[in-house]
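The values are calculated or read from the model by the stated rules, or taken from the named source; none is laboratory data. This one's a predicted model, so the numbers in the text were calculated from it and none came from an experiment. Note: ideal-geometry Cβ built from the backbone for every residue, glycine included; neighbour counts use all protein chains shown.
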Amino acid sequence: MSNLPSTTGNAVQAMQKALQTQTVQASDIPFLRLIKSGEWIYGADDIDVEEGSKWAVNVASFGMGFQAWNKISELVGEEIAPLDAPPILRSDLEDVGAEWKQLLTAQFLCTSGEDKGISVLYKTTAKGGIKAVNALMADIIAHYNADPSAAAQVPVIEFTMDSYKHKQYGKIYTPILKVVDWLEDTAEAAQAVSEPVAKVVEPELEPEPLPIPTRRRRRSA
């Protein structure tokens with residue numbers, strides 16, 4: 001994602017349709033994840049998202065579909081479509097020997113701090129992730145409907161989290177995509193950042209009782 005979208009109105013209409021009925025094919029940009037320890041990370045090197053950093057939402061990037069993972073955590077199927085395309089139906093998916101789970105995706109572009117210029121892709125089948133993406137789309141819809149002629153239609157978010165206690169897994173963190181600002185001009189936003197860095201990593205999985213992965217943290221200045 002080197003530019004932010006200029007078709008916010010069309011994207012909002014697609015979001016409304018998706019929310020009423022409920023993406024973007026596999027990308028080579030870094031995947032964003034909220035891990036078991038309650039920290040947001042991205043990329044093949046598991047880089048921590050800087051606390052307080054701001055991320056512009058690519059409102060044309062939302063997609064939905066399905067993913068299937070087998071019992072040894074291998075991705076055996078993925079089907080994604082943009083929100084303005086005909087929806088993928090679970091009944092049309094082939095049998096891959098694993099359960100197909102609903103998938104939502106969105107892209108974000110960092111506009112401040114150490115991550116400035118980095119573009120990331122969030123792909124989630126987790127209930128908390130689905131809820132967070134749907135809430136973000138609802139915020140965009142409400143903002144647009146309040147004043148469709150307003151110049152500031154591109155949301156800027158911070159990645160935060162909530163938590164709850166699971167009987168089997170203990171403390172589980174759930175994502176929050178908190179809108180903190182709205183950009184007035186997509187061209188201005190695009191000029192404020194540099195080109196993203198492309199990397200490939202595995203997408204997010206449902207919380208499982210697995211060890212917390214070793215991560216490479218940011219170096220101190």
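Which of the residues belonging to region 56-70 are under 29 Å from residue 181 (Cα atoms) and part of a strand (DSSP E or B)? Before you say what the answer is, go through the steps one by one.
Initial filter on region 56-70 (under 29 Å from residue 181 (Cα atoms)): 56-65.
Result: 56, 57, 63, 64, 65.
Return yes or no: is residue 50 closer than 29 Å to residue 169 by Cα and either aliphatic (A, V, I, L, M) or modelled with pLDDT of 90 or more (or both)? Even if it seems obvious, please write down each step before you answer.
On the way: closer than 29 Å to residue 169 by Cα: yes; either aliphatic (A, V, I, L, M) or modelled with pLDDT of 90 or more (or both): yes.
Yes; evaluated as a whole, the condition is true for this residue.
Give the residue that is nearest to the chain's Cα centre (by Cα), with candidates limited to residues of region 79-104 that are under 11 Å from residue 123 (Cβ atoms) and modelled with pLDDT of 95 or more. Give the derivation first.
Of region 79-104, the ones under 11 Å from residue 123 (Cβ atoms) are 80, 103-104.
Imposing the further condition that a residue be modelled with pLDDT of 95 or more reduces the set to 103-104.
Details: 103: 10, 104: 7 Å.
Step by step, filter region 79-104, then rank; the result is 104.
Condition test on residue 24, is it at pLDDT 70 or above and surrounded by 14 or more Cβ atoms within 10 Å (Cβ to Cβ)? Walk me through it before giving the result.
Working: at pLDDT 70 or above: no; surrounded by 14 or more Cβ atoms within 10 Å (Cβ to Cβ): yes.
The answer is no for residue 24.
Counting only residues that are of a type outside the set (Val, Ile, Thr) and either on the phi > 0 side of the Ramachandran plot or in a helix (DSSP H, G or I) (or both), how many does region 129-159 have?
Looking only at region 129-159, we keep the residues that are of a type outside the set (Val, Ile, Thr), and these are 129, 131-132, 134-139, 142-153, 155, 158-159.
Filter once more, so that each one left must be either on the phi > 0 side of the Ramachandran plot or in a helix (DSSP H, G or I) (or both): 129, 131-132, 134-139, 142-146.
Final tally of qualifying residues: 14.
What do you reckon, is residue 118 surrounded by 19 or more Cβ atoms within 10 Å (Cβ to Cβ), modelled with pLDDT of 95 or more and at negative phi?
Values: surrounded by 19 or more Cβ atoms within 10 Å (Cβ to Cβ): yes; modelled with pLDDT of 95 or more: no; at negative phi: yes.
Considered against the rule, which asks whether it is surrounded by 19 or more Cβ atoms within 10 Å (Cβ to Cβ), modelled with pLDDT of 95 or more and at negative phi, residue 118 comes out as no.
Among the residues of region 131-146, is there at least one that is farther than 29 Å from residue 50 by Cβ, of a type in the set (Val, Ile, Thr) and either surrounded by 14 or more Cβ atoms within 10 Å (Cβ to Cβ) or modelled with pLDDT under 95 (or both)?
Step one: list which residues in region 131-146 are farther than 29 Å from residue 50 by Cβ, which gives 145-146.
Next cut, of a type in the set (Val, Ile, Thr) only: none.
The answer is no, given that none of the residues of region 131-146 is farther than 29 Å from residue 50 by Cβ, of a type in the set (Val, Ile, Thr) and either surrounded by 14 or more Cβ atoms within 10 Å (Cβ to Cβ) or modelled with pLDDT under 95 (or both).
Just to be sure I understand the filter: pairs with C-beta atoms under 7 Å, separated by 6 or more residues or on different chains, first member in region 56-73 and crowded, with 21+ Cβ neighbours inside 10 Å, second member assigned to a loop (DSSP other than H, G, I, E, B) and among the acidic types (Asp, Glu). Which pairs pass?
Qualifying pairs under 7 Å: 68/99.
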